[in-house]
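**Student:** This is the structure I have questions about; it appears just below.
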Amino acid sequence: MLRGASLAFGTRTLWSGLDLDIKPGEFFAVLGPNGSGKTSFLKVLLGLLPLTSGSANVAGHAAGTRGRDVGYVPQQKGFPTDVPLRARDLVALGVDGHQWGIRVRRRKVESAVDELLGRVGASSYAKVPVGQLSGGELQRLRVAQAIAGSPRVLLCDEPLLALDLNHQQGVSALIDRQRAETGAAVVFVTHEINPILDYVDRVLYLAEGQFRVGSPEEVMRTEILSELYGSRVEVSRIHGRIVVVGLPDATTHLHHGHALPSEDESAEEKEGAER
């Protein structure tokens, strides 16, 4: 997927020399503090951000060229209460929103929407305006929208952000079920590994311009994170959860359920907008 990949903004390098293959059916998590390049990594795979050097291929083609072979689940963001859009209308955009003109196969589209709503457990609020839904309910709809085209790769950008634990677990399980049933590869950007710990096959950890790739057991270790950050970081496992303590204040990044800020305004994105 990535060969000799490097990404830099000005004099700041987010990563360099990254070779990475993500297999069909693999659940691949991307972790790291704010500003480490997690969202930029996803933008590279979406074809929205060019690499400084190297190449990126997704679903066997250059990043950004395969349309419905790639599904995308964004961060949780609400809608104004007066938006005239129902839950089922939002999902329908994933079914035929890529087509121009009047919907000519309405019955087929409606049937597909009903099936998708059922798969993500959203049938009970199918006709509710999106502005009246909770964050967890909206994320279920976004998962439905993303999987409408049966994508070969599912890219997820902090899909658990601002959700309570119950909804984090529900959304994570939905995404993993899609992986298991269709063989789609999942690339899951997150601050918090614990809600997806039971599903993750491998981790890419970005920090301080460096990276490590491996299973959670291989990467989420005291000596590995301490090496990445250049200072002592303690990693403990308590009742099946990972707790990370001692990260630098400027890169606060915990793994035990604390709410964390969005990476939308991270340094590399600001610099990227100015390129």
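**Student:** Quick check: anything in the range 178-188 touching a Leu at 6+ places or on another chain (Cβ under 9 Å) and under 20 Å from G78 (Cα atoms)?
**Tutor:** No - not one qualifying residue is present in the range 178-188.
**Student:** Scan the range 19-41 and tell me whether some residue there is closer than 19 Å to V186 by Cα, surrounded by fewer than 13 Cβ atoms within 10 Å (Cβ to Cβ) and of a type outside the set (D, E, K, R).
**Tutor:** Yes, the range 19-41 contains at least one residue that is closer than 19 Å to V186 by Cα, surrounded by fewer than 13 Cβ atoms within 10 Å (Cβ to Cβ) and of a type outside the set (D, E, K, R).
**Student:** Next question, about the same structure. For the range 146-171, name all the residues that are part of a helix (DSSP H, G or I) and either at positive phi or touching a strand residue (DSSP E or B) at 6+ places or on another chain (Cβ under 8 Å) (or both).
**Tutor:** Answer for the range 146-171, where residues must be part of a helix (DSSP H, G or I) and either at positive phi or touching a strand residue (DSSP E or B) at 6+ places or on another chain (Cβ under 8 Å) (or both): A146, I147.
**Student:** Could you check V109 against (1) surrounded by 15 or more Cβ atoms within 10 Å (Cβ to Cβ); (2) at pLDDT 95 or above; (3) in a helix (DSSP H, G or I) and say which number it fails?
**Tutor:** Just one mismatch for V109, condition (2).
**Student:** Okay, moving on. Please work out if K43 is among the charged types (D, E, K, R) and part of a loop (DSSP other than H, G, I, E, B).
**Tutor:** So K43 fails the test.
**Student:** Does V245 satisfy the criteria of being modelled with pLDDT of 95 or more and β-branched (V, I, T)?
**Tutor:** For V245, the condition - modelled with pLDDT of 95 or more and β-branched (V, I, T) - is not met.
**Student:** Here's another thing I want to ask about it. Looking at E265, E271, E192, which one is of a type outside the set (V, I, T), modelled with pLDDT under 90, outside any helix (DSSP H, G or I) and farther than 27 Å from L174 by Cβ?
**Tutor:** E265
**Student:** Would you mind stating whether A56 is buried (at least 19 other Cβ atoms within 10 Å of the Cβ) and either of a type in the set (D, E) or within 19 Å of L160 (Cβ to Cβ) (or both)?
**Tutor:** no
**Student:** Are any residues in the range 112-144 closer than 15 Å to K77 by Cα, assigned to a helix (DSSP H, G or I) and out of contact with any strand residue (DSSP E or B) (no Cβ under 8 Å at 6 or more places or on another chain), and if so, which ones?
**Tutor:** G131, Q132, G135, G136, E137, L138, R140, L141
**Student:** Only residues in the range 1-29 that are in contact (Cβ under 8 Å) with a residue 12 or more places away in the chain count as the first member; pair them with residues that are in a strand (DSSP E or B) and basic (K, R), Cβ under 9 angstrom, at least 6 apart or cross-chain, and list the lot.
**Tutor:** Between residues of the range 1-29 that are in contact (Cβ under 8 Å) with a residue 12 or more places away in the chain and residues that are in a strand (DSSP E or B) and basic (K, R), the close pairs are L18/R3; D19/R3; L20/R3; I22/R202; E26/R202; F27/R202; F28/R202; A29/R202.
The values are calculated or read from the model by the stated rules, or taken from the named source; none is laboratory data. What you see is a predicted model; the values in this text were computed from it and never measured. Heads up, the Cβs are rebuilt from the backbone with ideal geometry, glycines too, and the neighbour counts pull from every protein chain shown.
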